[in-house]
Each structure stands twice: as C-alpha cells, then as structure tokens.
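Enquirer: This is the structure I want to talk about, given as structure tokens.
The values are calculated or read from the model by the stated rules, or taken from the named source; none is laboratory data. In this text, all values refer to a predicted model and were calculated from it rather than measured experimentally. Positions of Cβ are backbone-derived with ideal geometry, glycine not excepted, and every protein chain shown enters the neighbour counts.
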Amino acid sequence: MGTEKYWHEEKRRVDLNKNNIHPVIQQTMEDSKSIQSLKNPKALYYDCLKGALYWRQWAQADDLNLDEMATIVCRDTGCELTYCQATLYDPHERPFENCDLQFRNLTRCISQEQQRYIDNPQGRTLQEHTLYMLDKKRNEKYFDLVQKLEQPTELNKEKEREYFIKDTTNKMSMKYKI
C-alpha cells in the first residue's frame, strides 16, 4: 500500500507542475503573483514618477547619504526599470525583450551622480546638490518634451505644404495633357 500511495502522490505533484519547475521556484512565482498589483504597468510607471512630490522633502533630510542622493536623483531611470520589469509579465504589453538596458542605465546614472557630487566644484552640501540636480533634470525633461512636441508640428506643416503643392501641380499638368 505504501508504494501505491507514493506513486499517487507523485502523479498528483507532477500534474500540478506541468512545466517541470522546481517546487521552490514554483512557490516563489505563485507568491509573486499574489503580491503583484493588478494595475496596468503604465499606471504603475505614472505613479512612480508622480511620487516625486516627496522627493524634495527626502532630499532635504539631515541624514541623507551619497547612495540615497544618487537614488533620488536617478528615480526616473529607476521608474523606467520598474516599468520594464512590470511589462515582462504582461502577455499583452511587452515593449522590451529584457531589462538589461534599463538596469545599465540606472547603475550608470547612480555612479555618475555619485561621481558628480564627489567632483562637486561649487561646494554644495549633499542636500543642496540633490535639490539642484532634481531641478536640473526636471528642466531638461521639460525642455526635451517641449522641443519634441514643437518640432514634429513644424515638420508636418512643411510636409503638408509640399504634398499639396505637388498634388496641385500634378493635377494641373494632367488637365493640360488631356
């Protein structure tokens, strides 16, 4: 009876684990699914960036250290990495094959910010430097966004003008040929 009971248990275990995944890994995946938010990855990305309301307060903390400063300044690339990781599990939205590029961008940003503070020629405190970099990044992002929004409209107007000029000349030339 003991052997038969063992094989029934084994068959049940194998049926539950159709992908032949180690039970510990399978349990970890099930736990992560239970913890995972039901929000859309884009909503999570927006919430991550919107959390910037408290960044300035955290940047002014007296016990701020170099690692925290770099993390606060690089939060936008951290949000991109979080977005990438969230979309990897969504079968309908997978804009990334993997998140290696976002991870490299985040680690590069953190090391650059740490080095920028170490080489700090203005002699700012850690808090002043963090606030300065947050303002600088916000202005750069805003400037890039405005520039991207303005540039295509000018190009589109020019393309439209060329299209209609060509179109009317072709129609006119066709009228005279007939």
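Enquirer: Pairs needed: first member in region 25-54, at pLDDT 75 or above; second member anywhere, among the aliphatic types (A, V, I, L, M); C-beta distance under 6 Å; at least 6 residues apart or different chains.
Expert: Pairs that qualify, where the first residue is at pLDDT 75 or above and the partner is among the aliphatic types (A, V, I, L, M), are Pro41/Ala86; Leu44/Ala86.
Enquirer: Determine whether Gln112 is within 14 Å of the chain's Cα centre (by Cα) and either part of a helix (DSSP H, G or I) or among the hydrophobic types (A, V, I, L, M, F, W, C) (or both).
Expert: Details: within 14 Å of the chain's Cα centre (by Cα): no; either part of a helix (DSSP H, G or I) or among the hydrophobic types (A, V, I, L, M, F, W, C) (or both): yes.
Judged against the criteria, Gln112 is not a match.
Enquirer: Have a look at Gly78, Gly2 and point out the one that is over 30 Å from Glu140 (Cα atoms), at pLDDT 75 or above and among the small types (Gly, Ala, Ser).
Expert: Details: Gly78 fails: over 30 Å from Glu140 (Cα atoms).
Of Gly78, Gly2, the one residue that is over 30 Å from Glu140 (Cα atoms), at pLDDT 75 or above and among the small types (Gly, Ala, Ser) is Gly2.
Enquirer: Residue check: is Glu68 surrounded by 11 or more Cβ atoms within 10 Å (Cβ to Cβ), out of contact with any Phe, Trp or Tyr (no Cβ under 8 Å at 6 or more places or on another chain), closer than 23 Å to Lys141 by Cα and of a type in the set (Asp, Glu)?
Expert: When the stated conditions are applied, Glu68 does not pass them.
Enquirer: Hey, another quick one. Looking at (1) modelled with pLDDT under 75; (2) surrounded by fewer than 13 Cβ atoms within 10 Å (Cβ to Cβ), which one does Asp63 not meet, given that it meets all the others?
Expert: Failed condition: (1).
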